Amino acid sequence: MAKLFESISLRGKTSRNRIWIAPMCQYSCEHQDGIPSEWHLVHLGSRALGGAGLVMCEATAVHPDGRISPWDTGIWNDDQAAAWTEVTNFIRQTGALSAIQLGHAGRKASIYRSWSGEGPVSPADGGWQPVSPTDEAFPGYNPPRELTTEDVYASIDDWIQAAKRAVAAGFDVIEVHAAHGYLVHQFLSPITNQRTDEFGGSVSKRATYLVDIVAGIRAAVGEEIPVLVRFSATDYRADGFTLDQCAEVAKLCEDAGADLFDISSGGIILGVTIPSGPGYQVPLAKEIAEEVTSAVATVGQITDAKQAEEILQTTGIDIIMIGRVSLRDPYWPLRAAHELGVEVDYWPNQYTRGKYPN
């Protein structure tokens, strides 16, 4: 059995294999109300039918101000949670796990989706002022309002309440988005966090916002729901968030109840050189895996079954997350099983006529 198709259990949930669909923004809430639509059901459901072990929904805002764009999904109210149940029910019927990435865009909020405009969203189109640890703007975006200490504590509760709604909506797994220059990452990085209260200063203090979110979610959702954290393991700048700091914060999150770290990189600033190529972020995930006892996932230009299998066999990494390749081929996991010579039993009955020949 190829390791790629071995099951893996986290707390009370078992994934049928180690191919997980990464969260990818769809910008498809046409009513700008944060409610997922038929698009989300078909998009996510197709990848569950395609054989993934887990399908993770896009960055879903815990507060209206936390949307990247007005067309993002949300889970800050019960109507949104109720709409997600159709998606989670369908994913469950396929044998896959459903996950939701909770997010808050911070200073990178209120921008147009690519096919509707460029730059910050105008007030006429439903734009708003972003928030951030400081009032420094991301280049080309609207200047944010600096969060007060009281605002930060209120924001932590937004994440906790969103997690409770996610469980009520039927999600099996919850991920905290602490990467790509969004709000949690803005607290973690010394480039964007010059606060002087309890949420700024040393690495452990800059991590307080995230650690309190993880601890609060763990207490709210109980012991059976896995809690994941996605990190940008480096800002690619010496004065930014570094791999060593990421490992330190991951250990704090472990103590707070996190079960897996999903390792990506970059996004906090422009003007840095980010390496590119097949599996370019795998070394970062490998380093984190050597420092923590929890499971670790990697992502980024993993497009070939043999490549994915080699990563699992030669590193301490536990999960392969696929993104853009799954947009090209929703059934990539089934094809990967064929290429690795693995017989899997989760082909949909309706599709067995299309199984790969021996």
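Just give me the residues in the range 141-166 being assigned to a loop (DSSP other than H, G, I, E, B) and either touching a helix residue (DSSP H, G or I) at 6+ places or on another chain (Cβ under 7 Å) or surrounded by 14 or more Cβ atoms within 10 Å (Cβ to Cβ) (or both), in sequence order.
If the condition is that a residue be assigned to a loop (DSSP other than H, G, I, E, B) and either touching a helix residue (DSSP H, G or I) at 6+ places or on another chain (Cβ under 7 Å) or surrounded by 14 or more Cβ atoms within 10 Å (Cβ to Cβ) (or both), then Tyr141, Asn142, Pro143, Pro144, Leu147 are the ones that fit.
Kindly indicate which of Asp151, Asp125 is more than 27 Å from Ile19 (Cα to Cα), over 23 Å from the mean Cα position of the chain (by Cα) and free of Cβ contacts under 8 Å to residues at least 40 places away in the same chain.
Asp151
Identify, by number, the condition in (1) closer than 23 Å to Val325 by Cα; (2) touching a Phe, Trp or Tyr at 6+ places or on another chain (Cβ under 8 Å) that His40 doesn't meet.
Of the numbered conditions (1) closer than 23 Å to Val325 by Cα; (2) touching a Phe, Trp or Tyr at 6+ places or on another chain (Cβ under 8 Å), the odd one out for His40 is (2).
Name the residue that is surrounded by the fewest Cβ atoms within 10 Å (Cβ to Cβ), counting only residues in the range 213-255 that are in a helix (DSSP H, G or I) and of a type in the set (Asp, Glu).
The qualifying residue surrounded by the fewest Cβ atoms within 10 Å (Cβ to Cβ) is Asp255.
Tell me whether the range 264-286 contains one or more residues that are touching a strand residue (DSSP E or B) at 6+ places or on another chain (Cβ under 8 Å) and either surrounded by fewer than 17 Cβ atoms within 10 Å (Cβ to Cβ) or within 17 Å of Val211 (Cβ to Cβ) (or both).
No.
Every residue in the range 299-324 that is buried (at least 16 other Cβ atoms within 10 Å of the Cβ) and not in a loop (DSSP other than H, G, I, E, B), please.
Scanning the range 299-324 gives Val299, Ala305, Ala308, Glu309, Ile311, Leu312, Ile319, Ile320, Met321, Ile322.
Regarding Ala258, is this residue within 24 Å of Ile322 (Cα to Cα) and in a helix (DSSP H, G or I)?
No.
Can you find even one residue in the range 286-296 that is closer than 22 Å to Thr149 by Cβ and outside any strand (DSSP E or B)?
Looking for residues that are closer than 22 Å to Thr149 by Cβ and outside any strand (DSSP E or B), one finds none in the range 286-296, hence no.
Would you kindly identify the strands (runs of 3 or more DSSP E) lying entirely within the range 1-67 that contain at least 3 residues that are crowded, with 21+ Cβ neighbours inside 10 Å?
Here the list reads 19-21, 54-61.
No value in this document is a laboratory result; all are computed from the given coordinates. None of these values were measured; they are calculated from a predicted model. No Cβ is skipped: glycine too gets one built from the backbone with ideal geometry, and neighbour counts run over all protein chains shown.
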